[in-house]
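The values are calculated or read from the model by the stated rules, or taken from the named source; none is laboratory data. Because the structure is predicted, anything quoted here is derived from the model rather than measured. Cβ placement follows ideal geometry from the backbone for every residue including glycine, while neighbour counts extend to all protein chains displayed.
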Amino acid sequence: MNTGTSCRIAWMLRWPLWLAMLALPPSIALAQTAEAAVGPQLDARGLQRVLDRAEALTPLKAVVVAQHGVIVAERGYRGHSTATPGNIKSASKIIMSTLVGMAIDRGVFQSVEQKIAPLLEEDLPAEYDSRLAQITIGNLLSMQAGLARTSGSDYGRWIVSNNWVRAALAQPFVEDPGGAMLYSTGSTHLLSAALTRATGRSTLELAQEWLGPLEGFYIQDWQRDPQGIYFGGNQMAMSARSLLAVGELYRNGGTTAPGKRLLSEEWIERSWQPRTRSRFSGDDYGYGWFLRHIGGHEVPYAWGYGGQMLFVVPSLGVTVAMMSNDEVPAARTGHRDDLLRLMSAIMNAM
């Protein structure tokens, strides 16, 4: 999907002063917010300096920073804004994880141990490896289904098939279920299909109803597969502010600002529990969330192609969403590493 708002951006050499972002002098603000006791507060002027220097990152489109539920800084670059919808790519996997958690909370799914084969029976191959019957909802969330990947170099072949669910289930096993992590968007798409079959409703309808009370949350557009199932884990258009709202739900322990519970605290704990490790980033991985330490703090984060990022720092009460050009890879070009350094600089702006 092309949202029509992004364009190809020519690469520039990253400025040498970029490294100076990491050396910003810390300051401590002792102002107390409505949500938090006295403690480290992000400094507005320090944040502005960080965001000024971040303009050197040419793929970067928008950054929004919140602490204790209040937006303290935001910036759009090159004609974009934090309210401009963009393709969040695989950062949408945390939306799928959230919907699965909500489905378990509501009794739609039994638990993460529930087997997915009975839910997707009509799309099972006529003859299949017995391990297919062992795959659980949890295996799909943590990318431990064991099926060959439908991401990376295998992505194009998968999405040109006439039935994405059937094609994902027909992949050969390269690991046993519960084994090594095999990052595959086919796994999260199977979750979207399972939710659709279990409820008789589209995943978009469920997202609108279940996440509707979350202030600022809005899905602008979302691609569907040939059978009309919304693409679980990719091709979703949201703004940086909308992505931030999802991070705030997790930071807030599953409740909205007025105190309405949308997601159980138990699900957040499960989602942020390390279950496997990514061979691409070296980070731990939970249920749709990458997990790393930044500046001595535990930071769960979502990562989408091109540099669509959502960071939550519970110990600082901080949530940060970043949007980038979705047509240029972030890992191979070093842009993802730049965004991780940007996040570190934001955390140091105290």
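Output the strands (runs of 3 or more DSSP E) that fall wholly within segment 251-350 and possess 3 or more residues being of a type outside the set (K, R) and in contact (Cβ under 8 Å) with a residue 60 or more places away in the chain, or say none. Before you say what the answer is, go through the steps one by one.
Numbers: elements: 290-294, 297-304, 308-313, 318-324.
Where strands (runs of 3 or more DSSP E) fall fully within segment 251-350 and carry at least 3 residues being of a type outside the set (K, R) and in contact (Cβ under 8 Å) with a residue 60 or more places away in the chain, they are 297-304, 308-313, 318-324.
Give the residue, chosen from I137, I219, that is closer than 13 Å to M96 by Cα and not assigned by TED's automatic domain parsing to the domain that holds D105. Outline the logic, then answer.
On the way: I137 fails: not assigned by TED's automatic domain parsing to the domain that holds D105.
Answer to the check: I219.
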> Got a number for residues in segment 294-311 being more than 9 Å from the chain's Cα centre (by Cα) and small (G, A, S)?
Replying inline: 4
> Residues A168, A145, A73, A62: which one is touching an Asp or Glu at 6+ places or on another chain (Cβ under 9 Å) and in a strand (DSSP E or B)?
Replying inline: A62
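Being within 22 Å of the chain's Cα centre (by Cα), of a type outside the set (G, A, S) and either surrounded by 20 or more Cβ atoms within 10 Å (Cβ to Cβ) or closer than 22 Å to D283 by Cα (or both), is that true of even one residue in segment 114-128?
First, the residues of segment 114-128 that are within 22 Å of the chain's Cα centre (by Cα): none.
No, segment 114-128 contains no residue that is within 22 Å of the chain's Cα centre (by Cα), of a type outside the set (G, A, S) and either surrounded by 20 or more Cβ atoms within 10 Å (Cβ to Cβ) or closer than 22 Å to D283 by Cα (or both).
Scan segment 66-105 residue by residue and report those that are basic (K, R) and free of Cβ contacts under 8 Å to residues at least 60 places away in the same chain. Lay out the reasoning, then the answer.
Start the filter on segment 66-105 by keeping residues that are basic (K, R), which leaves 75, 78, 89, 93.
Once the filter is applied, which keeps residues that are basic (K, R) and free of Cβ contacts under 8 Å to residues at least 60 places away in the same chain, segment 66-105 yields only R75.
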> Of all residues in segment 313-324, which are surrounded by 24 or more Cβ atoms within 10 Å (Cβ to Cβ) and either over 11 Å from M347 (Cα atoms) or outside the structural domain of V63 (by TED's automatic domain parsing) (or both)?
Replying inline: A321, M322, M323, S324
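Tally time: how many residues in segment 217-244 are of a type outside the set (A, V, I, L, M) and in contact with a Leu (Cβ under 7 Å, 6 or more places away or on another chain)? Talk me through it step by step, then tell me what you get.
Filtering segment 217-244 down to residues of a type outside the set (A, V, I, L, M) leaves 217-218, 220-228, 230-235, 239, 241-242.
Still in the list and also in contact with a Leu (Cβ under 7 Å, 6 or more places away or on another chain): 217, 222, 230, 232.
Looking only at that region, the number is 4.
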